[in-house]
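Take a look at the structure below.
The values are calculated or read from the model by the stated rules, or taken from the named source; none is laboratory data. Everything quoted here is computed from the prediction, not taken from an experiment. A quick note on method: Cβ atoms are made from the backbone with ideal geometry, for glycine too, and the neighbour counts reach across all protein chains shown. Just the protein is used for accessible areas: all its heavy atoms, side chains included, with ligands, DNA and RNA removed. Shrake-Rupley method; radii C 1.70, N 1.55, O 1.52, S 1.80 Å.
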Amino acid sequence: MNKTPLISVIIPVYNGEERLPKCLKSIRKQDYPQDKIEIIIVDDDSSDHTVEVAKSFGCVVTRNGSHNPERGKSIGIEQANGEYLFFIDDDNILTKRDWLSKLVDAVVSEDCVGGQAAWFQYSKKASLPDKYMAL
């Protein structure tokens, strides 16, 4: 197994023009080799500039159109080339530069088939419903 495998980051999005840049910046700032990160944006017929934002970060963009984020994840899986898949929502960010490296290292060294984040943080500026949903 490759010690630095290609990973596919799948992000289902609908009208994410405002949220998506922070998410993508946090992925692009990771210390994991960028040529080993494939970001797949599954756009659900956004009416804003989501697609343009995604392309400006070098993402692969594909269409969902079903207005179902779970279907969007399935479409992302179909498009993925990575050895491992990572799902994130467009309003999430990776708070530390070594987040992906540690995740991949744990998965590879433990021969793991899956995992889930166990710690979440929200912005103090977020609305009460957004804070609740983050937790």
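May I ask you to list the residues in region 89-102 that are assigned to a loop (DSSP other than H, G, I, E, B) and over 12 Å from the mean Cα position of the chain (by Cα)?
The answer is THR95, LYS96, ARG97, ASP98.
Go over the candidates ASN68, ASN81 one by one and state the one that is touching an Asp or Glu at 6+ places or on another chain (Cβ under 9 Å) and over 15 Å from ILE7 (Cβ atoms).
None of the others qualify; the one that does is ASN68.
For a quick check of your reading: which helices (runs of 4 or more DSSP H) sit entirely within region 1-88 and have at least 3 residues that are of a type in the set (D, E, K, R), closer than 28 Å to ALA106 by Cα and open to solvent by 40 Å² or more (accessible area, probe 1.4 Å)?
Where helices (runs of 4 or more DSSP H) fall fully within region 1-88 and carry at least 3 residues being of a type in the set (D, E, K, R), closer than 28 Å to ALA106 by Cα and open to solvent by 40 Å² or more (accessible area, probe 1.4 Å), they are 20-28, 69-79.
One line per residue, one yes/no per condition, for (1) β-branched (Val, Ile, Thr); (2) within 15 Å of GLU78 (Cβ to Cβ):
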{"position": "LEU24", "(1), (2)": "no, no"}
{"position": "ILE27", "(1), (2)": "yes, no"}
{"position": "GLN30", "(1), (2)": "no, no"}
{"position": "ILE41", "(1), (2)": "yes, yes"}
{"position": "ASP45", "(1), (2)": "no, no"}
{"position": "ASP48", "(1), (2)": "no, no"}
{"position": "GLY58", "(1), (2)": "no, no"}
{"position": "THR62", "(1), (2)": "yes, yes"}
{"position": "GLY65", "(1), (2)": "no, yes"}
